[in-house]
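The values are calculated or read from the model by the stated rules, or taken from the named source; none is laboratory data. Being a predicted model, the structure only gives us computed values, none of them experimental. Here the Cβ positions follow ideal geometry from the backbone for every residue, glycine too, while neighbour counts run over all protein chains shown.
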Amino acid sequence: MNLVKITKQLAFGRRVAILALLMILLLALTACGGDKATPTPTLMPRTPVPTFTPTPVGQAPAAEVPLAQAPAAEVAPAPAVVEVAPADTPLPAEPTATPVPQVAKLTVTGDNINVRRGPDTSFGVVGQVSQGMSFDVLGRNAAGDWYQFCCVNGEQGWIFGTLVTVDNPGLVAVALDIPAPPPVPTSPPAAPTNTPAPAAPPAAADPCANIGGDGCKFRVTGGPTSANNDGLELKLQFFFIHSGVDGGQPQGSYRVNLVKDGQTLNIDPTYKSISLNANQGTLGRYNYEFKLGLGNLPGGTVAGNYTGWVLDGNGERDSQNFSFTLGGGQGEVWIQFDQG
(Lines give C-alpha, C1' and ligand atoms only; values in the text may rest on other atoms or scores of the structure.)
Protein backbone atom coordinates (compact mmCIF):
# COMPACT_ATOMS: atom_id res chain seq x y z
CA MET A 1 0.00 0.00 0.00
CA ASN A 2 2.81 2.44 0.72
CA LEU A 3 4.44 1.50 -2.52
CA VAL A 4 1.36 2.43 -4.51
CA LYS A 5 1.09 5.73 -2.73
CA ILE A 6 4.69 6.53 -3.31
CA THR A 7 4.38 5.65 -6.96
CA LYS A 8 1.40 8.00 -7.40
CA GLN A 9 3.21 10.79 -5.62
CA LEU A 10 6.23 10.42 -7.88
CA ALA A 11 4.07 10.51 -10.96
CA PHE A 12 2.32 13.64 -9.76
CA GLY A 13 5.65 15.33 -8.95
CA ARG A 14 6.94 14.67 -12.48
CA ARG A 15 3.86 16.27 -13.93
CA VAL A 16 4.26 19.33 -11.75
CA ALA A 17 7.95 19.63 -12.66
CA ILE A 18 7.22 19.36 -16.38
CA LEU A 19 4.47 21.96 -16.12
CA ALA A 20 6.76 24.35 -14.18
CA LEU A 21 9.51 23.87 -16.77
CA LEU A 22 7.12 24.72 -19.57
CA MET A 23 5.98 27.84 -17.74
CA ILE A 24 9.60 29.02 -17.28
CA LEU A 25 10.32 28.37 -20.96
CA LEU A 26 7.20 30.31 -21.99
CA LEU A 27 8.20 33.30 -19.85
CA ALA A 28 11.72 33.26 -21.27
CA LEU A 29 10.42 33.26 -24.82
CA THR A 30 8.06 36.13 -24.03
CA ALA A 31 10.90 38.24 -22.56
CA CYS A 32 13.15 37.67 -25.62
CA GLY A 33 10.50 38.52 -28.16
CA GLY A 34 11.56 42.18 -28.60
CA ASP A 35 9.14 45.00 -29.25
CA LYS A 36 6.76 42.81 -31.22
CA ALA A 37 4.77 40.47 -29.05
CA THR A 38 4.58 36.91 -30.30
CA PRO A 39 1.44 35.11 -29.32
CA THR A 40 2.22 32.23 -26.93
CA PRO A 41 0.54 28.98 -27.82
CA THR A 42 -1.82 27.71 -25.21
CA LEU A 43 -0.52 24.53 -23.62
CA MET A 44 -2.90 21.71 -23.93
CA PRO A 45 -3.19 19.70 -20.71
CA ARG A 46 -1.46 16.43 -20.93
CA THR A 47 -3.82 13.58 -20.42
CA PRO A 48 -2.18 11.09 -18.14
CA VAL A 49 -2.01 7.58 -19.45
CA PRO A 50 -3.64 5.24 -17.00
CA THR A 51 -1.29 2.64 -15.62
CA PHE A 52 -2.23 -0.51 -13.93
CA THR A 53 -1.77 -0.41 -10.28
CA PRO A 54 -2.69 -3.50 -8.39
CA THR A 55 -5.19 -2.78 -5.79
CA PRO A 56 -4.74 -4.72 -2.61
CA VAL A 57 -7.63 -6.79 -1.57
CA GLY A 58 -9.84 -5.19 0.93
CA GLN A 59 -8.47 -1.61 0.33
CA ALA A 60 -10.46 0.97 -1.49
CA PRO A 61 -8.67 2.56 -4.39
CA ALA A 62 -7.14 5.94 -3.65
CA ALA A 63 -8.89 8.81 -5.29
CA GLU A 64 -6.87 10.42 -8.01
CA VAL A 65 -5.94 14.00 -7.41
CA PRO A 66 -6.71 16.02 -10.55
CA LEU A 67 -3.81 17.98 -12.00
CA ALA A 68 -4.16 21.69 -11.68
CA GLN A 69 -4.61 23.25 -15.11
CA ALA A 70 -2.20 26.13 -15.69
CA PRO A 71 -3.91 29.37 -16.70
CA ALA A 72 -3.37 30.37 -20.29
CA ALA A 73 -1.07 33.35 -20.73
CA GLU A 74 -2.79 36.44 -22.11
CA VAL A 75 -1.38 37.65 -25.35
CA ALA A 76 -1.00 41.42 -25.46
CA PRO A 77 -2.64 42.84 -28.61
CA ALA A 78 -0.26 44.30 -31.14
CA PRO A 79 -0.47 48.10 -31.36
CA ALA A 80 -2.50 49.25 -34.31
CA VAL A 81 -0.49 50.94 -37.01
CA VAL A 82 -2.21 54.15 -38.10
CA GLU A 83 -1.32 55.28 -41.55
CA VAL A 84 -1.40 59.05 -41.92
CA ALA A 85 -2.42 60.18 -45.33
CA PRO A 86 -0.13 62.91 -46.70
CA ALA A 87 -1.73 66.33 -46.49
CA ASP A 88 -2.48 68.05 -49.77
CA THR A 89 -0.09 70.93 -50.44
CA PRO A 90 -2.25 74.06 -50.84
CA LEU A 91 -1.88 75.82 -54.17
CA PRO A 92 -0.74 79.46 -53.99
CA ALA A 93 -3.59 81.89 -54.28
CA GLU A 94 -3.83 83.80 -57.52
CA PRO A 95 -2.81 87.46 -57.10
CA THR A 96 -5.72 89.86 -57.08
CA ALA A 97 -5.56 93.13 -58.96
CA THR A 98 -4.99 96.16 -56.75
CA PRO A 99 -7.95 98.49 -57.21
CA VAL A 100 -7.00 101.86 -58.68
CA PRO A 101 -8.24 104.65 -56.36
CA GLN A 102 -10.75 106.91 -58.01
CA VAL A 103 -10.18 110.65 -57.97
CA ALA A 104 -12.29 113.59 -59.04
CA LYS A 105 -10.94 115.65 -61.92
CA LEU A 106 -12.18 118.78 -63.64
CA THR A 107 -11.64 119.89 -67.24
CA VAL A 108 -11.86 123.54 -68.28
CA THR A 109 -14.45 124.26 -71.00
CA GLY A 110 -13.64 127.91 -71.74
CA ASP A 111 -10.66 130.11 -72.58
CA ASN A 112 -8.91 132.69 -70.40
CA ILE A 113 -10.88 131.73 -67.28
CA ASN A 114 -9.87 133.52 -64.07
CA VAL A 115 -8.82 131.30 -61.15
CA ARG A 116 -9.49 132.98 -57.80
CA ARG A 117 -8.26 132.60 -54.22
CA GLY A 118 -11.75 131.80 -52.95
CA PRO A 119 -15.23 130.77 -54.15
CA ASP A 120 -16.43 134.22 -55.21
CA THR A 121 -15.57 136.91 -57.74
CA SER A 122 -14.65 139.24 -54.87
CA PHE A 123 -11.44 137.22 -54.28
CA GLY A 124 -8.20 138.07 -56.01
CA VAL A 125 -7.04 136.29 -59.18
CA VAL A 126 -4.34 133.58 -58.90
CA GLY A 127 -4.00 133.07 -62.66
CA GLN A 128 -5.88 131.94 -65.76
CA VAL A 129 -6.68 128.56 -67.35
CA SER A 130 -7.81 127.62 -70.85
CA GLN A 131 -10.03 125.06 -72.52
CA GLY A 132 -8.94 121.42 -72.23
CA MET A 133 -6.71 121.87 -69.18
CA SER A 134 -7.34 119.20 -66.51
CA PHE A 135 -6.73 119.35 -62.74
CA ASP A 136 -7.32 117.28 -59.57
CA VAL A 137 -10.34 118.48 -57.60
CA LEU A 138 -9.64 119.15 -53.90
CA GLY A 139 -13.07 120.23 -52.72
CA ARG A 140 -16.11 122.42 -53.29
CA ASN A 141 -18.02 125.13 -51.48
CA ALA A 142 -21.20 124.38 -49.55
CA ALA A 143 -23.42 125.52 -52.43
CA GLY A 144 -21.56 123.23 -54.84
CA ASP A 145 -21.13 125.91 -57.52
CA TRP A 146 -17.37 126.52 -57.03
CA TYR A 147 -14.57 123.92 -57.11
CA GLN A 148 -11.16 124.05 -55.43
CA PHE A 149 -8.33 122.43 -57.42
CA CYS A 150 -4.55 122.20 -57.69
CA CYS A 151 -2.66 124.08 -58.99
CA VAL A 152 -2.10 127.29 -61.00
CA ASN A 153 1.24 129.10 -60.72
CA GLY A 154 2.06 126.81 -57.78
CA GLU A 155 -1.10 127.80 -55.84
CA GLN A 156 -4.45 126.18 -55.16
CA GLY A 157 -7.38 128.04 -56.69
CA TRP A 158 -11.15 128.15 -57.17
CA ILE A 159 -13.14 128.09 -60.42
CA PHE A 160 -16.85 128.54 -61.11
CA GLY A 161 -18.65 125.24 -61.70
CA THR A 162 -20.36 126.17 -64.99
CA LEU A 163 -16.96 126.72 -66.62
CA VAL A 164 -15.76 123.12 -66.10
CA THR A 165 -16.86 119.50 -66.38
CA VAL A 166 -16.18 117.24 -63.38
CA ASP A 167 -15.42 113.50 -63.40
CA ASN A 168 -16.57 111.57 -60.29
CA PRO A 169 -18.35 114.55 -58.70
CA GLY A 170 -19.68 112.28 -55.96
CA LEU A 171 -16.15 112.04 -54.54
CA VAL A 172 -15.89 115.80 -54.00
CA ALA A 173 -16.47 116.89 -50.39
CA VAL A 174 -16.90 120.38 -48.99
CA ALA A 175 -13.44 121.94 -48.58
CA LEU A 176 -12.22 122.49 -45.02
CA ASP A 177 -10.09 125.55 -45.76
CA ILE A 178 -12.55 127.89 -47.47
CA PRO A 179 -11.26 131.44 -46.97
CA ALA A 180 -13.53 134.16 -45.67
CA PRO A 181 -14.67 136.63 -48.34
CA PRO A 182 -12.86 139.95 -48.36
CA PRO A 183 -14.63 142.74 -46.47
CA VAL A 184 -16.98 144.90 -48.51
CA PRO A 185 -16.37 148.62 -47.99
CA THR A 186 -19.37 150.28 -46.38
CA SER A 187 -18.95 153.35 -48.54
CA PRO A 188 -16.70 154.10 -51.51
CA PRO A 189 -13.63 156.13 -50.66
CA ALA A 190 -13.90 159.77 -51.41
CA ALA A 191 -12.33 160.77 -54.70
CA PRO A 192 -9.21 162.88 -54.26
CA THR A 193 -9.83 166.52 -54.97
CA ASN A 194 -7.33 168.80 -56.59
CA THR A 195 -6.09 171.69 -54.59
CA PRO A 196 -8.11 174.66 -55.76
CA ALA A 197 -5.94 176.98 -57.78
CA PRO A 198 -5.83 180.61 -56.82
CA ALA A 199 -7.71 183.04 -59.03
CA ALA A 200 -5.84 184.25 -62.10
CA PRO A 201 -4.43 187.75 -61.86
CA PRO A 202 -6.00 190.47 -64.00
CA ALA A 203 -4.70 190.78 -67.54
CA ALA A 204 -1.76 193.13 -68.00
CA ALA A 205 -1.41 195.74 -70.66
CA ASP A 206 -0.43 194.57 -74.14
CA PRO A 207 3.27 193.70 -73.90
CA CYS A 208 3.69 193.84 -77.67
CA ALA A 209 2.43 197.39 -78.02
CA ASN A 210 5.86 199.01 -78.00
CA ILE A 211 7.90 196.24 -79.63
CA GLY A 212 9.65 197.39 -82.78
CA GLY A 213 10.68 195.36 -85.78
CA ASP A 214 8.39 192.54 -86.77
CA GLY A 215 6.65 192.67 -83.36
CA CYS A 216 4.91 189.65 -81.78
CA LYS A 217 4.47 187.15 -84.61
CA PHE A 218 3.28 184.00 -82.71
CA ARG A 219 -0.26 183.51 -81.52
CA VAL A 220 -1.83 180.59 -79.71
CA THR A 221 -3.86 178.42 -82.14
CA GLY A 222 -4.13 175.24 -80.03
CA GLY A 223 -4.47 174.74 -76.29
CA PRO A 224 -3.48 175.21 -73.63
CA THR A 225 -4.54 171.67 -72.64
CA SER A 226 -3.27 169.58 -69.76
CA ALA A 227 -3.06 165.89 -68.81
CA ASN A 228 -2.71 164.03 -65.53
CA ASN A 229 0.74 162.73 -64.64
CA ASP A 230 0.06 162.48 -60.87
CA GLY A 231 1.68 165.89 -60.47
CA LEU A 232 5.20 164.40 -60.35
CA GLU A 233 6.72 167.08 -62.61
CA LEU A 234 5.89 169.97 -64.96
CA LYS A 235 6.30 168.78 -68.55
CA LEU A 236 5.93 171.37 -71.37
CA GLN A 237 5.30 170.16 -74.94
CA PHE A 238 4.90 173.07 -77.38
CA PHE A 239 4.54 173.07 -81.18
CA PHE A 240 5.90 176.08 -83.12
CA ILE A 241 4.64 176.17 -86.74
CA HIS A 242 4.15 178.50 -89.70
CA SER A 243 0.77 177.73 -91.21
CA GLY A 244 1.63 179.77 -94.30
CA VAL A 245 4.42 177.38 -95.25
CA ASP A 246 3.43 173.91 -96.41
CA GLY A 247 0.26 174.13 -94.32
CA GLY A 248 2.12 174.30 -91.01
CA GLN A 249 5.87 173.85 -91.27
CA PRO A 250 7.57 173.39 -87.87
CA GLN A 251 9.69 176.38 -86.94
CA GLY A 252 13.00 176.18 -85.07
CA SER A 253 15.06 178.10 -82.49
CA TYR A 254 12.12 179.27 -80.34
CA ARG A 255 11.61 178.90 -76.61
CA VAL A 256 9.41 180.26 -73.80
CA ASN A 257 9.64 182.29 -70.63
CA LEU A 258 7.29 181.10 -67.83
CA VAL A 259 6.14 182.59 -64.51
CA LYS A 260 4.29 180.62 -61.77
CA ASP A 261 2.35 182.52 -59.14
CA GLY A 262 4.52 185.60 -59.73
CA GLN A 263 7.89 183.75 -59.69
CA THR A 264 9.92 183.25 -62.86
CA LEU A 265 10.81 179.61 -63.47
CA ASN A 266 14.35 178.56 -64.27
CA ILE A 267 13.97 177.31 -67.84
CA ASP A 268 17.21 176.45 -69.59
CA PRO A 269 17.61 178.84 -72.56
CA THR A 270 19.52 176.25 -74.57
CA TYR A 271 16.33 174.20 -75.00
CA LYS A 272 14.74 175.47 -78.24
CA SER A 273 12.27 174.24 -80.82
CA ILE A 274 13.61 172.11 -83.65
CA SER A 275 12.91 173.16 -87.20
CA LEU A 276 11.17 170.71 -89.53
CA ASN A 277 10.72 168.24 -86.67
CA ALA A 278 7.49 166.92 -85.15
CA ASN A 279 6.98 164.36 -82.39
CA GLN A 280 3.64 162.88 -81.37
CA GLY A 281 2.76 163.30 -77.70
CA THR A 282 -0.21 162.41 -75.51
CA LEU A 283 -2.00 165.68 -76.31
CA GLY A 284 -0.63 166.51 -79.78
CA ARG A 285 2.43 167.04 -81.96
CA TYR A 286 5.36 169.02 -80.60
CA ASN A 287 8.91 170.14 -81.46
CA TYR A 288 9.80 171.68 -78.09
CA GLU A 289 9.88 169.86 -74.74
CA PHE A 290 11.12 170.89 -71.31
CA LYS A 291 10.62 169.36 -67.83
CA LEU A 292 10.85 170.85 -64.33
CA GLY A 293 10.91 168.74 -61.15
CA LEU A 294 8.88 169.67 -58.08
CA GLY A 295 12.00 171.00 -56.38
CA ASN A 296 12.22 173.73 -59.03
CA LEU A 297 8.58 174.80 -58.65
CA PRO A 298 7.29 177.33 -56.08
CA GLY A 299 5.44 175.50 -53.30
CA GLY A 300 6.87 172.13 -54.43
CA THR A 301 3.77 171.37 -56.54
CA VAL A 302 2.61 171.75 -60.12
CA ALA A 303 -0.67 173.31 -58.95
CA GLY A 304 -0.86 177.03 -59.60
CA ASN A 305 -1.35 179.84 -62.12
CA TYR A 306 1.11 180.19 -65.00
CA THR A 307 1.85 183.01 -67.43
CA GLY A 308 4.32 182.85 -70.31
CA TRP A 309 5.41 184.16 -73.71
CA VAL A 310 7.48 183.10 -76.68
CA LEU A 311 11.08 184.23 -77.16
CA ASP A 312 12.90 184.18 -80.47
CA GLY A 313 16.49 183.10 -81.09
CA ASN A 314 17.77 186.45 -79.80
CA GLY A 315 15.83 186.17 -76.57
CA GLU A 316 13.29 188.80 -77.59
CA ARG A 317 9.55 188.52 -76.96
CA ASP A 318 7.72 187.12 -79.95
CA SER A 319 4.14 186.61 -78.67
CA GLN A 320 1.44 187.96 -76.44
CA ASN A 321 1.16 186.49 -72.94
CA PHE A 322 -0.53 183.14 -72.64
CA SER A 323 -1.90 181.72 -69.37
CA PHE A 324 -3.06 178.43 -67.92
CA THR A 325 -3.95 177.02 -64.52
CA LEU A 326 -3.04 173.52 -63.26
CA GLY A 327 -4.45 171.35 -60.49
CA GLY A 328 -2.42 169.09 -58.20
CA GLY A 329 -2.26 166.08 -60.53
CA GLN A 330 -2.13 167.79 -63.94
CA GLY A 331 1.50 168.33 -64.77
CA GLU A 332 1.59 167.87 -68.55
CA VAL A 333 0.84 170.97 -70.75
CA TRP A 334 0.50 171.31 -74.54
CA ILE A 335 0.21 174.52 -76.63
CA GLN A 336 0.46 175.19 -80.36
CA PHE A 337 1.94 178.52 -81.54
CA ASP A 338 1.40 179.65 -85.14
CA GLN A 339 3.60 182.24 -86.86
CA GLY A 340 1.45 182.50 -90.01
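Annotations for the structure displayed:
- Criterion applied to Val137, Val125 was being free of Cβ contacts under 8 Å to residues at least 12 places away in the same chain, touching a strand residue (DSSP E or B) at 6+ places or on another chain (Cβ under 6 Å) and of a type in the set (Val, Ile, Thr), and the one residue passing it is Val125.
- For the stretch 159-185, the set of residues classified as in a strand (DSSP E or B), in contact with a Lys or Arg (Cβ under 8 Å, 6 or more places away or on another chain) and not hydrophobic (A, V, I, L, M, F, W, C) consists of Asp167 only.
- Residue-level check: of (1) more than 13 Å from Phe218 (Cα to Cα); (2) surrounded by fewer than 19 Cβ atoms within 10 Å (Cβ to Cβ), Ser243 misses just (1).
- Here Thr165 fulfils each of the conditions (1) touching a Phe, Trp or Tyr at 6+ places or on another chain (Cβ under 9 Å); (2) under 14 Å from Lys105 (Cα atoms) apart from (1).
- Residue ranges of strands (runs of 3 or more DSSP E) in the stretch 221-340 with at least 2 members farther than 21 Å from Cys208 by Cα and out of contact with any Phe, Trp or Tyr (no Cβ under 6 Å at 6 or more places or on another chain): 233-242, 288-293, 304-311, 322-326, 330-338
- Set side by side, the residues Ala85, Ala175, Ala143, Ala93 differ, and just one is over 30 Å from Val302 (Cα atoms), surrounded by 14 or more Cβ atoms within 10 Å (Cβ to Cβ) and either modelled with pLDDT of 90 or more or small (Gly, Ala, Ser) (or both), which is Ala175.
- Cβ-Cβ distances below 7 Å connect the following pairs, each with a first residue in the stretch 213-235 that is surrounded by 16 or more Cβ atoms within 10 Å (Cβ to Cβ) and basic (Lys, Arg), a second residue that is at pLDDT below 85 and not in a strand (DSSP E or B), and a separation of six or more residues or different chains: Lys217/Gln339.
- In the stretch 139-158, of all residues being part of a strand (DSSP E or B) and in contact with a Pro (Cβ under 9 Å, 6 or more places away or on another chain), the one that is farthest from Val172 (Cα to Cα) corresponds to Trp158.
- Looking across the stretch 280-339 at every residue that is among the small types (Gly, Ala, Ser), modelled with pLDDT of 90 or more and touching a strand residue (DSSP E or B) at 6+ places or on another chain (Cβ under 8 Å), the one that is nearest to Thr264 (Cα to Cα) is identified as Gly308.
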